Amino acid sequence: MIHMDRRPVLDEFEKLIVRMNTPRVMIDNAGCVDATRIMIDSARNDGILLEAVQVLTDLNLSIKKGYVSSDGRWNMDVFHVTNLDGNKLTDDSIINCIEQSLGTIDSTRSKSIDGMTALELTGTDRVGLLSEVFAVLSDLSCDVVESKVWTHNGRIAALIHLKDCHSGSPIDSKKMDRIEARLRNVLKADNDIRSAKTSVSLAVTHTERRLHQMMFADRDYDRTPIMRTSGRYSPLVSVQNCAEKGYSVVNIQVKDRPKLLFDVVCTLTDMQYVVFHATINTTEFQAYLEFFIRHIDGTPISSEAEKQRVIMCLRAAIERRASEGVRLELFKPDKPGLLAEVTRTFRENAMNVTEAEISTATGMAQNIFYVTDAIGNPVDSKVIDSVMQRIGTGHLRVKELPLMYHQKAENYDQSTSSLGGAVLVSLGSLFKRNLYHLGLIKSYY
(Lines give C-alpha, C1' and ligand atoms only; values in the text may rest on other atoms or scores of the structure.)
Protein backbone atom coordinates (compact mmCIF):
# COMPACT_ATOMS: atom_id res chain seq x y z
CA MET A 1 0.00 0.00 0.00
CA ILE A 2 1.28 3.44 -0.96
CA HIS A 3 0.97 6.08 1.72
CA MET A 4 0.71 9.60 0.33
CA ASP A 5 1.74 12.60 2.37
CA ARG A 6 -1.41 14.73 2.51
CA ARG A 7 0.21 17.69 4.25
CA PRO A 8 1.06 19.61 1.03
CA VAL A 9 -2.56 19.25 -0.10
CA LEU A 10 -3.84 20.46 3.26
CA ASP A 11 -1.38 23.36 3.21
CA GLU A 12 -2.61 24.45 -0.22
CA PHE A 13 -6.22 24.13 0.92
CA GLU A 14 -5.51 26.29 3.98
CA LYS A 15 -3.84 28.89 1.75
CA LEU A 16 -6.92 28.89 -0.48
CA ILE A 17 -9.20 29.44 2.50
CA VAL A 18 -7.02 32.31 3.71
CA ARG A 19 -7.05 33.90 0.24
CA MET A 20 -10.83 33.57 0.03
CA ASN A 21 -11.35 35.19 3.42
CA THR A 22 -8.71 37.91 3.09
CA PRO A 23 -10.09 41.08 1.51
CA ARG A 24 -8.39 42.27 -1.67
CA VAL A 25 -7.75 46.00 -1.52
CA MET A 26 -7.14 48.16 -4.59
CA ILE A 27 -6.31 51.87 -4.28
CA ASP A 28 -6.65 54.01 -7.40
CA ASN A 29 -5.47 57.62 -7.51
CA ALA A 30 -5.80 58.06 -11.27
CA GLY A 31 -9.37 57.07 -12.10
CA CYS A 32 -11.10 59.88 -10.19
CA VAL A 33 -10.39 63.60 -10.58
CA ASP A 34 -11.00 64.80 -7.03
CA ALA A 35 -10.78 61.72 -4.78
CA THR A 36 -8.86 58.51 -4.15
CA ARG A 37 -10.87 55.39 -5.00
CA ILE A 38 -10.61 52.42 -2.63
CA MET A 39 -12.07 49.05 -3.67
CA ILE A 40 -12.50 46.16 -1.25
CA ASP A 41 -13.33 42.71 -2.62
CA SER A 42 -13.96 39.90 -0.13
CA ALA A 43 -15.97 36.85 0.80
CA ARG A 44 -19.32 37.78 2.32
CA ASN A 45 -19.08 38.91 5.94
CA ASP A 46 -21.90 40.82 7.60
CA GLY A 47 -19.50 42.93 9.67
CA ILE A 48 -17.04 43.89 6.95
CA LEU A 49 -18.77 47.13 5.94
CA LEU A 50 -18.58 48.52 9.47
CA GLU A 51 -14.96 47.40 9.82
CA ALA A 52 -13.99 49.07 6.52
CA VAL A 53 -15.74 52.33 7.36
CA GLN A 54 -14.18 52.26 10.83
CA VAL A 55 -10.67 51.96 9.36
CA LEU A 56 -11.21 54.89 7.00
CA THR A 57 -12.84 56.98 9.72
CA ASP A 58 -10.04 56.35 12.23
CA LEU A 59 -7.57 57.63 9.61
CA ASN A 60 -9.53 60.93 9.47
CA LEU A 61 -10.61 60.38 5.88
CA SER A 62 -13.78 61.82 4.40
CA ILE A 63 -15.94 59.41 2.37
CA LYS A 64 -17.36 61.43 -0.52
CA LYS A 65 -19.04 58.60 -2.44
CA GLY A 66 -19.56 54.92 -1.89
CA TYR A 67 -21.17 51.84 -3.39
CA VAL A 68 -21.80 48.66 -1.44
CA SER A 69 -23.05 45.33 -2.73
CA SER A 70 -22.99 42.06 -0.81
CA ASP A 71 -25.68 39.83 -2.25
CA GLY A 72 -24.75 36.17 -2.57
CA ARG A 73 -21.40 35.10 -1.18
CA TRP A 74 -19.25 38.10 -2.06
CA ASN A 75 -18.77 41.69 -0.88
CA MET A 76 -17.75 44.55 -3.13
CA ASP A 77 -17.30 47.93 -1.46
CA VAL A 78 -16.07 51.02 -3.31
CA PHE A 79 -15.29 54.31 -1.55
CA HIS A 80 -14.16 57.68 -2.94
CA VAL A 81 -12.19 59.36 -0.15
CA THR A 82 -10.25 62.55 0.53
CA ASN A 83 -8.41 64.00 3.49
CA LEU A 84 -10.25 66.54 5.65
CA ASP A 85 -9.03 69.38 3.41
CA GLY A 86 -10.79 67.76 0.44
CA ASN A 87 -7.64 66.55 -1.34
CA LYS A 88 -6.63 63.17 -2.75
CA LEU A 89 -4.40 60.93 -0.67
CA THR A 90 -0.76 61.44 -1.61
CA ASP A 91 0.99 60.34 1.58
CA ASP A 92 2.40 56.86 0.93
CA SER A 93 2.33 56.03 4.64
CA ILE A 94 -1.44 56.63 4.76
CA ILE A 95 -2.00 54.57 1.60
CA ASN A 96 0.13 51.71 2.97
CA CYS A 97 -1.75 51.87 6.27
CA ILE A 98 -5.08 51.61 4.42
CA GLU A 99 -3.90 48.61 2.42
CA GLN A 100 -2.55 46.84 5.50
CA SER A 101 -5.55 47.61 7.72
CA LEU A 102 -8.23 46.73 5.18
CA GLY A 103 -6.28 43.66 4.05
CA THR A 104 -6.48 42.23 7.58
CA ILE A 105 -9.97 43.49 8.26
CA ASP A 106 -11.19 40.27 9.84
CA SER A 107 -8.74 40.62 12.73
CA THR A 108 -9.58 42.41 15.96
CA ARG A 109 -8.81 46.11 15.67
CA SER A 110 -10.12 47.33 18.99
CA LYS A 111 -7.72 49.45 20.96
CA SER A 112 -5.98 47.72 23.83
CA ILE A 113 -6.64 49.09 27.29
CA ASP A 114 -3.90 47.10 28.99
CA GLY A 115 -2.66 48.87 32.10
CA MET A 116 -5.77 51.01 32.40
CA THR A 117 -9.24 50.71 33.88
CA ALA A 118 -12.08 51.59 31.50
CA LEU A 119 -14.96 53.31 33.28
CA GLU A 120 -18.34 53.84 31.60
CA LEU A 121 -20.80 56.52 32.76
CA THR A 122 -24.31 57.45 31.65
CA GLY A 123 -26.70 59.88 33.30
CA THR A 124 -28.68 63.09 33.04
CA ASP A 125 -26.64 65.94 31.57
CA ARG A 126 -26.43 69.37 33.17
CA VAL A 127 -24.10 72.36 33.24
CA GLY A 128 -21.00 71.56 35.28
CA LEU A 129 -21.55 67.80 35.43
CA LEU A 130 -18.26 66.97 33.73
CA SER A 131 -16.46 69.24 36.19
CA GLU A 132 -17.94 67.31 39.11
CA VAL A 133 -17.00 63.95 37.56
CA PHE A 134 -13.37 64.94 37.03
CA ALA A 135 -13.22 66.54 40.50
CA VAL A 136 -14.22 63.19 42.05
CA LEU A 137 -11.60 61.33 40.02
CA SER A 138 -8.92 63.87 40.95
CA ASP A 139 -9.88 63.69 44.64
CA LEU A 140 -9.52 59.90 44.55
CA SER A 141 -6.08 60.12 42.90
CA CYS A 142 -7.16 58.84 39.49
CA ASP A 143 -5.24 59.85 36.38
CA VAL A 144 -7.47 60.26 33.32
CA VAL A 145 -5.35 58.94 30.44
CA GLU A 146 -8.02 59.09 27.74
CA SER A 147 -11.70 59.92 27.60
CA LYS A 148 -14.51 60.65 25.17
CA VAL A 149 -17.75 62.28 26.22
CA TRP A 150 -20.96 62.70 24.21
CA THR A 151 -24.21 64.41 25.12
CA HIS A 152 -27.60 64.16 23.42
CA ASN A 153 -31.21 64.89 24.36
CA GLY A 154 -30.30 65.71 27.96
CA ARG A 155 -28.23 62.55 28.45
CA ILE A 156 -24.48 62.10 28.80
CA ALA A 157 -22.26 59.10 28.03
CA ALA A 158 -18.57 58.95 28.88
CA LEU A 159 -15.87 56.32 28.45
CA ILE A 160 -12.89 57.11 30.66
CA HIS A 161 -9.57 55.24 30.79
CA LEU A 162 -7.95 55.57 34.21
CA LYS A 163 -4.74 54.80 36.07
CA ASP A 164 -3.84 55.19 39.72
CA CYS A 165 -1.92 58.47 40.12
CA HIS A 166 0.58 57.02 42.56
CA SER A 167 1.30 53.55 41.19
CA GLY A 168 0.51 54.08 37.50
CA SER A 169 -1.40 50.79 37.62
CA PRO A 170 -5.05 49.98 36.92
CA ILE A 171 -7.50 50.88 39.70
CA ASP A 172 -8.02 48.05 42.20
CA SER A 173 -11.53 46.72 42.82
CA LYS A 174 -12.02 48.22 46.31
CA LYS A 175 -11.08 51.69 45.16
CA MET A 176 -13.23 51.22 42.06
CA ASP A 177 -16.26 50.52 44.26
CA ARG A 178 -15.74 53.87 46.04
CA ILE A 179 -15.28 55.70 42.75
CA GLU A 180 -18.47 54.24 41.28
CA ALA A 181 -20.50 55.02 44.41
CA ARG A 182 -19.44 58.67 44.40
CA LEU A 183 -19.95 59.06 40.67
CA ARG A 184 -23.44 57.57 40.78
CA ASN A 185 -24.30 60.21 43.36
CA VAL A 186 -22.93 62.92 41.05
CA LEU A 187 -24.74 61.54 38.00
CA LYS A 188 -28.16 61.07 39.51
CA ALA A 189 -30.82 63.62 38.56
CA ASP A 190 -33.60 64.82 40.91
CA ASN A 191 -32.65 62.00 43.29
CA ASP A 192 -33.50 59.43 40.60
CA ILE A 193 -30.56 57.08 41.09
CA ARG A 194 -31.92 54.79 38.37
CA SER A 195 -30.98 57.33 35.70
CA ALA A 196 -27.29 57.12 36.65
CA LYS A 197 -25.16 54.17 35.61
CA THR A 198 -21.49 53.39 36.14
CA SER A 199 -19.62 50.25 35.19
CA VAL A 200 -16.12 48.96 34.60
CA SER A 201 -15.79 47.92 30.97
CA LEU A 202 -14.32 44.45 30.53
CA ALA A 203 -14.90 44.03 26.79
CA VAL A 204 -12.49 45.90 24.50
CA THR A 205 -14.65 47.72 21.95
CA HIS A 206 -13.97 50.60 19.58
CA THR A 207 -14.52 53.69 21.77
CA GLU A 208 -16.98 55.54 19.55
CA ARG A 209 -18.95 52.42 18.77
CA ARG A 210 -19.19 51.77 22.50
CA LEU A 211 -20.49 55.31 23.10
CA HIS A 212 -23.20 54.70 20.50
CA GLN A 213 -24.11 51.45 22.27
CA MET A 214 -24.23 53.15 25.67
CA MET A 215 -26.51 55.96 24.48
CA PHE A 216 -28.70 53.49 22.59
CA ALA A 217 -29.07 51.38 25.76
CA ASP A 218 -29.90 54.58 27.64
CA ARG A 219 -32.67 55.27 25.07
CA ASP A 220 -31.48 58.80 24.32
CA TYR A 221 -33.34 58.51 21.00
CA ASP A 222 -36.66 58.45 22.87
CA ARG A 223 -36.05 61.54 25.04
CA THR A 224 -36.88 65.22 24.64
CA PRO A 225 -34.01 67.70 24.15
CA ILE A 226 -33.54 70.01 27.13
CA MET A 227 -31.18 72.47 25.44
CA ARG A 228 -31.51 74.53 22.30
CA THR A 229 -29.65 73.22 19.23
CA SER A 230 -28.94 74.79 15.86
CA GLY A 231 -30.85 72.07 14.00
CA ARG A 232 -28.24 71.99 11.27
CA TYR A 233 -27.66 68.27 11.74
CA SER A 234 -31.34 67.32 11.99
CA PRO A 235 -31.50 64.53 9.40
CA LEU A 236 -34.37 63.61 7.12
CA VAL A 237 -34.81 59.83 7.43
CA SER A 238 -37.33 57.65 5.61
CA VAL A 239 -37.88 53.89 5.59
CA GLN A 240 -39.76 52.05 2.84
CA ASN A 241 -40.22 48.39 2.10
CA CYS A 242 -39.40 46.68 -1.19
CA ALA A 243 -41.74 43.73 -0.74
CA GLU A 244 -40.81 42.04 -4.02
CA LYS A 245 -37.19 41.42 -2.97
CA GLY A 246 -37.66 41.45 0.78
CA TYR A 247 -35.59 44.56 1.53
CA SER A 248 -36.27 47.57 3.70
CA VAL A 249 -34.82 50.74 2.16
CA VAL A 250 -33.46 53.50 4.38
CA ASN A 251 -32.88 56.96 2.91
CA ILE A 252 -31.03 59.69 4.81
CA GLN A 253 -30.46 63.30 3.82
CA VAL A 254 -28.40 65.48 6.15
CA LYS A 255 -25.62 68.06 6.28
CA ASP A 256 -22.35 66.26 5.52
CA ARG A 257 -19.73 65.95 8.24
CA PRO A 258 -16.81 63.70 9.22
CA LYS A 259 -17.67 60.20 10.49
CA LEU A 260 -21.29 60.40 9.32
CA LEU A 261 -21.23 57.04 7.53
CA PHE A 262 -19.60 55.32 10.50
CA ASP A 263 -22.31 56.56 12.86
CA VAL A 264 -25.10 55.28 10.59
CA VAL A 265 -23.56 51.89 9.77
CA CYS A 266 -22.58 51.36 13.41
CA THR A 267 -26.16 51.93 14.52
CA LEU A 268 -27.70 49.67 11.86
CA THR A 269 -25.22 46.92 12.79
CA ASP A 270 -25.87 47.20 16.53
CA MET A 271 -29.62 47.17 15.88
CA GLN A 272 -29.07 43.78 14.20
CA TYR A 273 -29.63 44.87 10.60
CA VAL A 274 -27.48 43.75 7.67
CA VAL A 275 -26.68 46.11 4.77
CA PHE A 276 -26.91 44.31 1.40
CA HIS A 277 -26.63 47.33 -0.90
CA ALA A 278 -25.82 50.97 -0.25
CA THR A 279 -25.18 54.19 -2.11
CA ILE A 280 -23.36 57.13 -0.52
CA ASN A 281 -23.24 60.46 -2.30
CA THR A 282 -22.18 63.89 -1.04
CA THR A 283 -22.25 67.37 -2.50
CA GLU A 284 -20.40 70.40 -1.19
CA PHE A 285 -22.56 70.56 1.91
CA GLN A 286 -25.06 67.69 1.80
CA ALA A 287 -25.00 63.91 2.18
CA TYR A 288 -27.44 61.42 0.65
CA LEU A 289 -27.28 57.87 2.00
CA GLU A 290 -29.36 54.90 0.93
CA PHE A 291 -29.26 51.41 2.43
CA PHE A 292 -31.05 48.19 1.42
CA ILE A 293 -31.26 46.24 4.66
CA ARG A 294 -32.73 43.15 6.27
CA HIS A 295 -32.85 42.04 9.85
CA ILE A 296 -30.11 39.60 10.81
CA ASP A 297 -32.66 36.76 10.49
CA GLY A 298 -33.21 37.70 6.82
CA THR A 299 -36.53 39.51 7.20
CA PRO A 300 -37.31 43.14 6.35
CA ILE A 301 -38.82 45.65 8.78
CA SER A 302 -42.25 44.23 9.53
CA SER A 303 -44.23 46.89 11.40
CA GLU A 304 -44.82 50.63 11.56
CA ALA A 305 -43.52 50.67 15.14
CA GLU A 306 -40.24 49.05 14.09
CA LYS A 307 -39.94 51.49 11.19
CA GLN A 308 -40.39 54.49 13.50
CA ARG A 309 -37.84 53.07 15.94
CA VAL A 310 -35.25 52.75 13.16
CA ILE A 311 -35.91 56.35 12.10
CA MET A 312 -35.57 57.64 15.68
CA CYS A 313 -32.39 55.67 16.34
CA LEU A 314 -30.69 56.81 13.13
CA ARG A 315 -31.58 60.42 13.83
CA ALA A 316 -30.11 60.10 17.31
CA ALA A 317 -26.93 58.46 16.00
CA ILE A 318 -26.34 61.37 13.62
CA GLU A 319 -27.18 64.06 16.16
CA ARG A 320 -24.95 62.67 18.93
CA ARG A 321 -21.83 63.83 17.12
CA ALA A 322 -23.30 67.14 15.95
CA SER A 323 -20.54 68.99 17.86
CA GLU A 324 -22.73 71.90 18.91
CA GLY A 325 -20.90 74.97 20.18
CA VAL A 326 -17.46 76.52 20.04
CA ARG A 327 -14.52 74.15 19.68
CA LEU A 328 -11.78 74.78 22.24
CA GLU A 329 -8.43 72.99 22.12
CA LEU A 330 -6.20 72.64 25.18
CA PHE A 331 -2.52 71.82 24.78
CA LYS A 332 -0.67 72.02 28.08
CA PRO A 333 1.78 69.92 30.13
CA ASP A 334 -0.30 67.48 32.14
CA LYS A 335 -0.41 67.57 35.92
CA PRO A 336 -2.65 66.03 38.60
CA GLY A 337 -6.00 67.79 38.73
CA LEU A 338 -5.55 69.74 35.46
CA LEU A 339 -8.71 68.33 33.89
CA ALA A 340 -10.76 69.11 37.00
CA GLU A 341 -9.31 72.62 37.06
CA VAL A 342 -10.11 73.35 33.40
CA THR A 343 -13.66 71.99 33.53
CA ARG A 344 -14.28 73.86 36.80
CA THR A 345 -13.35 77.07 34.98
CA PHE A 346 -15.92 76.22 32.30
CA ARG A 347 -18.58 75.60 34.97
CA GLU A 348 -17.84 78.84 36.82
CA ASN A 349 -18.42 80.70 33.55
CA ALA A 350 -21.72 78.86 32.89
CA MET A 351 -20.24 77.02 29.92
CA ASN A 352 -21.74 73.62 29.12
CA VAL A 353 -19.54 70.93 27.55
CA THR A 354 -21.51 69.16 24.80
CA GLU A 355 -18.67 66.92 23.64
CA ALA A 356 -15.12 66.21 24.80
CA GLU A 357 -12.10 64.22 23.66
CA ILE A 358 -9.27 63.93 26.16
CA SER A 359 -5.76 62.50 25.87
CA THR A 360 -2.83 62.77 28.26
CA ALA A 361 -0.88 59.69 27.17
CA THR A 362 2.20 61.64 26.01
CA GLY A 363 2.57 63.71 29.18
CA MET A 364 0.80 66.60 27.48
CA ALA A 365 -2.91 67.32 27.89
CA GLN A 366 -4.31 67.33 24.34
CA ASN A 367 -8.00 67.97 24.88
CA ILE A 368 -10.88 69.09 22.69
CA PHE A 369 -14.06 70.58 24.12
CA TYR A 370 -17.22 71.78 22.40
CA VAL A 371 -18.98 74.33 24.60
CA THR A 372 -22.24 76.31 24.62
CA ASP A 373 -23.84 78.55 27.18
CA ALA A 374 -26.18 77.10 29.81
CA ILE A 375 -29.18 76.84 27.45
CA GLY A 376 -27.37 75.72 24.31
CA ASN A 377 -26.67 79.09 22.67
CA PRO A 378 -23.22 80.17 21.41
CA VAL A 379 -20.93 81.34 24.19
CA ASP A 380 -20.34 85.09 24.30
CA SER A 381 -16.89 85.98 22.93
CA LYS A 382 -16.08 87.96 26.08
CA VAL A 383 -16.69 84.86 28.20
CA ILE A 384 -14.41 82.83 25.89
CA ASP A 385 -11.69 85.48 26.21
CA SER A 386 -12.01 85.46 30.00
CA VAL A 387 -11.70 81.66 30.16
CA MET A 388 -8.69 81.70 27.83
CA GLN A 389 -6.98 84.31 29.99
CA ARG A 390 -7.57 82.25 33.14
CA ILE A 391 -6.37 78.94 31.67
CA GLY A 392 -3.65 80.53 29.54
CA THR A 393 -3.99 81.94 26.03
CA GLY A 394 -0.93 80.01 24.96
CA HIS A 395 -2.56 76.75 26.05
CA LEU A 396 -6.27 77.15 25.20
CA ARG A 397 -7.44 78.33 21.81
CA VAL A 398 -10.52 78.48 19.64
CA LYS A 399 -10.07 76.06 16.76
CA GLU A 400 -11.65 76.43 13.34
CA LEU A 401 -13.09 73.41 11.54
CA PRO A 402 -11.10 71.80 8.68
CA LEU A 403 -11.11 73.72 5.39
CA MET A 404 -13.69 71.60 3.59
CA TYR A 405 -16.29 72.22 6.35
CA HIS A 406 -15.48 75.90 6.94
CA GLN A 407 -18.30 77.46 4.90
CA LYS A 408 -20.78 74.61 4.73
CA ALA A 409 -23.16 75.85 7.42
CA GLU A 410 -24.09 78.99 5.49
CA ASN A 411 -24.53 77.08 2.22
CA TYR A 412 -26.56 74.38 3.95
CA ASP A 413 -28.94 76.88 5.55
CA GLN A 414 -29.51 78.54 2.17
CA SER A 415 -30.19 75.22 0.45
CA THR A 416 -32.59 73.81 3.06
CA SER A 417 -34.74 76.94 2.90
CA SER A 418 -35.71 75.97 -0.66
CA LEU A 419 -36.09 72.23 -0.12
CA GLY A 420 -39.42 72.09 1.71
CA GLY A 421 -41.66 69.35 0.46
CA ALA A 422 -39.26 68.58 -2.39
CA VAL A 423 -37.14 66.59 0.09
CA LEU A 424 -39.54 63.68 0.22
CA VAL A 425 -39.85 63.74 -3.58
CA SER A 426 -36.05 63.65 -3.81
CA LEU A 427 -35.80 60.70 -1.44
CA GLY A 428 -38.54 58.86 -3.31
CA SER A 429 -36.80 59.44 -6.65
CA LEU A 430 -33.51 58.18 -5.20
CA PHE A 431 -35.30 55.10 -3.90
CA LYS A 432 -36.86 54.32 -7.32
CA ARG A 433 -33.64 54.97 -9.22
CA ASN A 434 -31.68 52.48 -7.10
CA LEU A 435 -34.42 49.87 -7.40
CA TYR A 436 -34.06 50.26 -11.17
CA HIS A 437 -30.27 49.86 -11.11
CA LEU A 438 -30.62 46.75 -8.95
CA GLY A 439 -33.08 45.30 -11.46
CA LEU A 440 -35.97 45.33 -8.99
CA ILE A 441 -38.25 47.53 -11.19
CA LYS A 442 -38.36 48.09 -14.95
CA SER A 443 -38.42 51.89 -14.91
CA TYR A 444 -38.12 54.74 -12.42
CA TYR A 445 -39.75 57.43 -14.56
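At 1.4 Å probe size, with every protein chain present, just tell me what the per residue accessible area of the range 20-103 comes to in Å².
46 Å²
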Quiz prompt | Within the accessible area of the range 236-320 (1.4 Å probe), percent carbon and sulfur | solution = 51 percent
Quiz item: How far apart, in nm, are the 7 Å Cα→Cβ label points at GLU99 and LYS65?
Solution: 2.4 nm
Quiz prompt | Contour minus Cα-Cα distance for MET364 and VAL200 (0.36 nm per residue) | solution = 56.5 nm
Exercise. Could you pull out every residue, at least 5 positions away or on a different chain, whose amide H is within less than 5 Å of the one on VAL379? Hs are placed 1.01 Å off N in the peptide plane, and Pro or chain starts have none.
Key: VAL326, ASP373
Quiz item: ALA287: net charge of surrounding residues, Cβ under 9 Å, Lys/Arg +1, Asp/Glu -1, itself excluded?
Solution: +1
Practice problem: Among the GluC sites (Glu not before Pro) in the range 317-364, which ones are in a DSSP loop with at most 16 other Cβ atoms within 10 Å of the Cβ? Mind listing them? | Solution: none
Quiz prompt | Alpha-carbon centroid distance for the pair the range 316-388 / the range 63-77, whole angstrom | solution = 38 Å
Quiz item: What residues qualify as long-range amide H neighbours of LEU119, i.e. H under 5 Å apart, gap of 5 or more or another chain, H built at 1.01 Å from N?
Solution: ILE160, HIS161, LEU162, SER201
Self-check item: At R0 = 30 Å, FRET efficiency that the Cβ-Cβ distance of ASP177 and GLU341 yields, to 0.05
Solution: 0.70
Self-check item: Distance in nm between pseudo-label sites at SER167 and ILE296 (7 Å out along the Cβ direction from Cα)
Solution: 3.7 nm
Quiz item: Residue by residue through the range 244-250, which ³J(HN,Hα) values in whole Hz follow from phi under the Karplus form 6.51 cos²θ - 1.76 cosθ + 1.60 (θ = phi - 60°), with glycine and proline marked x?
Solution: 4, 10, x, 9, 9, 10, 9
Quiz item: On full extension of the chain, what length is gained from SER303 through ASN241, given 0.36 nm per residue of separation minus the C-alpha to C-alpha distance?
Solution: 21.3 nm
Quiz prompt | Gained length - ILE375 relative to THR393, 0.36 nm times residue gap less alpha-carbon distance | solution = 3.9 nm
Self-check item: Spin-label zone in the range 70-85 - amide nitrogen under 16 Å from a point set 7 Å from the Cα of ASP41 along the C-beta vector
Solution: 70-71, 73-79
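The values are calculated or read from the model by the stated rules, or taken from the named source; none is laboratory data. From a predicted model like this one, the values you see are computed outputs, not experimental measurements. Quick reminder, even Gly has a Cβ in these numbers, built from the backbone with ideal geometry, and neighbours come from all protein chains shown. The protein model used for the area step is the full one, side chains on, heavy atoms only, and it has no ligands, DNA or RNA in it. Shrake-Rupley method; radii C 1.70, N 1.55, O 1.52, S 1.80 Å.
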